[in-house]
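The values are calculated or read from the model by the stated rules, or taken from the named source; none is laboratory data. Keep in mind it's a predicted model, so treat the numbers as computed, not measured. Note: ideal-geometry Cβ built from the backbone for every residue, glycine included; neighbour counts use all protein chains shown. Note: accessible area is taken over every heavy atom of the protein model, side chains too, but ligands, DNA and RNA are not part of it. Shrake-Rupley method; radii C 1.70, N 1.55, O 1.52, S 1.80 Å.
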Amino acid sequence: MKSSITIYLTVLILVVSCKQNDRKNAENKTDRNQIILDSIYSAEKFDSIRIYKPLSLIYNGKPILRIGQKTSELDSTLSYRMDPNMDYQGYEYLITDYLTTDDNLSIELGNHSSLNGIVFFSANRKSNQIFNVSASWYFDLNQENMEQIAIDSIKKRIFPILKDKIQLKNNWNYEFESESQIEKFKLIQRETDNGWNLNYEVELKK
């Protein structure tokens, strides 16, 4: 009888010990993950409790993104998917990278010409808060003298903030600054075919 009790107590102690070790390992893993996430946020200058203004990128007539918002708060008609190239490759357990090529982010210009947009954003995997945004628009112009039509379309449909500002010049750039962020624009002429790209990124401020 005493032998059975001894065996039972030994097994019980081992089980309790294993559970304690598992709990400690889980706590240590959580602590490590939080340290890594804090480092990423610090590098991006992102404050998860700060209220950021909506970005100037327009989708369906209204701003599409706001730093700090949750992916669940995005326009329900916006189509997006995980980015296979992943800015945060290796940190998939903490960060999810997305991209969208939604039709409403591109513009058909006629004459088989178009502006083709792609937007990238990253979000905390647990809270789903968006903290990193960039984008690019590819000018696919198949007739001469379409550049100004493309520029006018950008000002009207995508970035009204660029009205009276954007110019068809290589390396033209503009920064729209608010209290918490800087939206950066740059127009680049491609060397391969002399076409154009409009690049966009958001830099956060501490």
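Sort out which residues of segment 52-102 are out of contact with any strand residue (DSSP E or B) (no Cβ under 8 Å at 6 or more places or on another chain), in contact (Cβ under 8 Å) with a residue 60 or more places away in the chain and either in a loop (DSSP other than H, G, I, E, B) or polar (S, T, N, Q) (or both), and write them in order of number.
Once the filter is applied, which keeps residues that are out of contact with any strand residue (DSSP E or B) (no Cβ under 8 Å at 6 or more places or on another chain), in contact (Cβ under 8 Å) with a residue 60 or more places away in the chain and either in a loop (DSSP other than H, G, I, E, B) or polar (S, T, N, Q) (or both), segment 52-102 yields only Tyr93.
Looking at segment 26-78 only, could you name the residues that are touching a Pro at 6+ places or on another chain (Cβ under 8 Å) and under 14 Å from Ala123 (Cα atoms)?
Leu65, Arg66
Do we find a residue being over 19 Å from Tyr59 (Cβ atoms), of a type outside the set (A, V, I, L, M) and open to solvent by 60 Å² or more (accessible area, probe 1.4 Å) anywhere in segment 120-130?
yes
Please go through (1) open to solvent by 80 Å² or more (accessible area, probe 1.4 Å); (2) in contact (Cβ under 8 Å) with a residue 24 or more places away in the chain for Leu105 and return the number of the only condition it doesn't satisfy.
(1)
Scan segment 133-143 and tell me whether some residue there is within 20 Å of Phe46 (Cβ to Cβ) and surrounded by fewer than 20 Cβ atoms within 10 Å (Cβ to Cβ).
There is at least one residue in segment 133-143 that is within 20 Å of Phe46 (Cβ to Cβ) and surrounded by fewer than 20 Cβ atoms within 10 Å (Cβ to Cβ).
Among the residues of segment 148-160, is any loosely packed, with under 15 Cβ neighbours inside 10 Å and assigned to a loop (DSSP other than H, G, I, E, B)? Outline the logic, then answer.
If we filter segment 148-160 for residues that are loosely packed, with under 15 Cβ neighbours inside 10 Å, which is where we start, we get 148, 152, 156, 160.
Still in the list and also assigned to a loop (DSSP other than H, G, I, E, B): none.
Looking for residues that are loosely packed, with under 15 Cβ neighbours inside 10 Å and assigned to a loop (DSSP other than H, G, I, E, B), one finds none in segment 148-160, hence no.
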